[in-house]
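The values are calculated or read from the model by the stated rules, or taken from the named source; none is laboratory data. What you see is a predicted model, and the numbers here were worked out from it, not measured in a lab. Cβ: placed from backbone, ideal geometry, glycine included. Neighbour counts: every protein chain shown. Surface accessibility is based on the protein's heavy atoms, side chains included, excluding ligands, DNA and RNA. Shrake-Rupley method; radii C 1.70, N 1.55, O 1.52, S 1.80 Å.
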Amino acid sequence: MIPGAVPGGEPVAAGPVLPGMSNVHSHAFQRAMAGLAEFRGHPTDDFWTWREEMYRLVTRLDPEDVEAIARHLYVEMLRHGYTAVAEFHYLHHDRDGKPYEDRAEMANRILAAAGNSGIALTLLPVMYAHGGFGHKPLSAAQKRFSSDPAFVMGLIEELSTFNLPDPMLRFGVAPHSVRAVDALLLTELVESAALHDATMPVHMHVSEQAGEVAECVETHGTTPLAWIRDLVTVDERWCLIHGTHLTQIEQRQLDGSGAVAGLCPVTEANLGDGIFEFVPWFESRLPWAIGGDSHVSVSPFEELRALEYSQRLRHRARNIVADELSPDVAGNLWLGAAAGGAQALSQATGSIEVGRRADLVVLDGKDVDFAGLTAERMLGVALFSGNANRVRDVYSAGSLVVREGHHPNEEPAAASFRRALEKLRAAA
């Protein structure tokens with residue numbers, strides 16, 4: 001029986017019901033290093049020194065490790081209210097950078113993890129051709145990422161043949177960043193994707209690091225976003241990941257494009273990236289969404305709280321993601337991210353209405369902190385009061401995948417994750 005169901009009657013939710021949340025930016029394998037890069041190893045520790053730690057993990061991962069990590073992560077995501085994920089998948093080849101006999105080996109591991117957990121997946125095979133601006137060669141670790149338009153589109157065509165149609169699965173493309181692709185590669189990939197599927201999502205790192213923006217200006221004479229927009233049409237298919245350093249002029253130029261701003265507030269804070277200027281984006285009602293990125297957090301509640309709090313610190317004011325027309329901060333955060341995330345993933349979710357998939361998150365109405373509150377106030381408490389996970393039940397496409405806080409596969413997923421961690425850490 002569905003929790004809260006009335007015998008012989010219709011199901012009754014055990015608390016407020018929210019549309020399922022989409023995680024628009026995931027590097028699943030990085031869950032294995034969450035919290036392990038917090039020792040100062042350089043006088044100016046930043047994203048680039050963190051990246052070297054991440055690359056050390058990359059050199060030790062085998063396919064079974066990736067599947068175990070992703071499976072556990074996706075179960076965690078569901079338990080915290082994510083019902084769909086965009087996997088920014090760039091770990092294509094073996095430890096030596098050589099293609100697997102089956103080029104889809106790693107991608108199939110991600111598909112298997114998603115299928116086992118019950119989370120909806122938008123798989124984004126990444127094109128990663130250069131180690132930096134000026135066609136810098138790939139480093140030893142980056143050779144695992146090596147790819148071009150032919151590889152990406154061939155992988156998508158192969159995976160589509162064996163896995164579609166599936167209402168829980170979508171494919172998209174991800175030119176990694178302005179430093180990892182060039183003009184010819186970017187235009188070829190975007191054009192090929194549109195020919196394959198005119199609605200195919202396109203995700204790309206846009207403006208994560210101030211140093212990267214400066215190097216782009218030095219190399220190309222313009223900012224990353226301007227360089228991209230000179231080459232291809234940025235429209236509603238696009239999700240601009242880490243638009244952290246977009247200027248207000250660039251934000252205004254995107255008004256009307258339909259592009260989604262893909263924000264990863266906890267990771268961006270963890271890496272010291274900077275703070276996205278969210279107020280004009282929100283005031284213009286432009287689409288936006290959240291992602292877990294390096295998975296130092298697996299909770300959409302924490303991501304949304306970090307987004308609001310970063311804006312409060314930036315502007316030295318309270319209740320930023322709100323205005324006279326929409327004063328409910330928590331509601332604006334959840335519903336805005338859910339809608340934008342569904343668009344970015346090209347998944348039929350993001351709201352509770354006819355024609356949308358029944359991806360639903362039910363809060364625990366019996367939580368002691370919810371006593372005497374309306375549903376709207378309960379969401380505010382869930383978002384801004386402590387770290388307790390107040391998600392009780394989760395439905396994916398109408399199927400109950402989390403019951404009373406538990407996923408049926410959480411124990412075997414945790415066991416295989418533990419084995420993978422023990423192996424990886426013994427080899428460190």
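A simple rule links phi to the HN-Hα coupling: the Karplus curve 6.51 cos²θ - 1.76 cosθ + 1.60 with θ = phi - 60°, which for segment 337-343 gives 5, 5, 5, x, x, 4, 5 Hz, with x for Gly and Pro.
In the assembled protein chains, Thr374 presents an accessible area of approximately 80 Å² (probe radius 1.4 Å). Here Lys98 sits with roughly 120 square angstrom of accessible surface, probe radius 1.4 Å.
Proximity of backbone amide H atoms, modeled 1.01 Å from N, is registered between His89 and Leu124, Val126 at under 5 Å, excluding neighbours fewer than 5 places apart on the same chain.
Given the -39500 (n - 2.57) contribution per DSSP H run of 4+ residues, what per-residue ellipticity at 222 nm results for the chain, rounded to the nearest 500 deg cm²/dmol? That calculation yields -12500 deg cm²/dmol at 222 nm. Extension gain for Thr161-Ser139 works out to 4.6 nm (0.36 nm per residue, less the C-alpha to C-alpha distance). When the surface is traced with a 1.4 Å probe over the full set of protein chains, Leu111 keeps roughly 20 Å² accessible.
At a 1.4 Å probe radius, which order do Ser399, Ser26 fall into by accessible area, largest first?
Numbers: Ser399 65, Ser26 0 Å².
If we order Ser399, Ser26 from most to least accessible, we get Ser399, Ser26.
Need one word for segment 301-381: rounded, prolate or oblate. Basis is the Cα gyration tensor (sqrt eigenvalues a ≥ b ≥ c); a/c below 1.5 gives rounded, then a/b vs b/c decides. Oblate. Projecting the Cα atoms of His315, Val217, Leu124 onto the charge dipole of the chain (Cβ charges, centred on the Cα centre) puts His315 farthest toward the positive pole. The residues packed around Ala68, meaning those with a beta-carbon under 14 Å from its beta-carbon, carry a net charge of 0 if Lys and Arg are +1 and Asp and Glu are -1. Given +1 at the Cβ of Lys and Arg, -1 at the Cβ of Asp and Glu and no other charges, the dipole of the chain around its Cα centre is 720 debye to the nearest 20.
For segment 76-166, applying the loop criterion from DSSP together with a ceiling of 11 other beta carbons within 10 Å to the GluC sites (Glu not before Pro) yields Glu101.
Leu313 label point, 7 Å along Cα→Cβ, cut-off 17 Å on backbone N: hits in segment 25-50? Within reach of a label on Leu313: 38, 45-47. Among the trypsin sites (Lys or Arg not before Pro) found in segment 284-322, those both in a DSSP coil and sparsely packed, with 12 or fewer other Cβ atoms within 10 Å of their Cβ, are Arg285, Arg316, Arg318.
Among the GluC sites (Glu not before Pro) within segment 166-265, those in coil by DSSP and having at most 16 neighbouring Cβ atoms inside 10 Å are Glu236. Placing +1 on each Lys and Arg Cβ and -1 on each Asp and Glu Cβ, with no other charges, gives segment 35-147 a dipole about its Cα centre of roughly 220 debye.
Sorting Leu383, Leu360 by accessible area puts them as Leu360, Leu383; the probe is 1.4 Å, largest comes first, and only protein heavy atoms count.
For Asp94, Asp148, Asp273, the ranking by accessible surface with the largest value first comes to Asp148, Asp94, Asp273, using a 1.4 Å probe.
log₁₀ I(q)/I(0) of segment 315-428 at q = 0.21, 0.23 Å⁻¹, via Debye over equal Cα point scatterers, no solvent, to two decimals? After summing over all Cα pairs, the log10 values are -1.23, -1.30.
Applying the Karplus relation 6.51 cos²θ - 1.76 cosθ + 1.60 with θ = phi - 60° to segment 306-311 yields 3J(HN,Hα) values of 5, 4, 5, 5, 4, 5 Hz, where x marks Gly and Pro.
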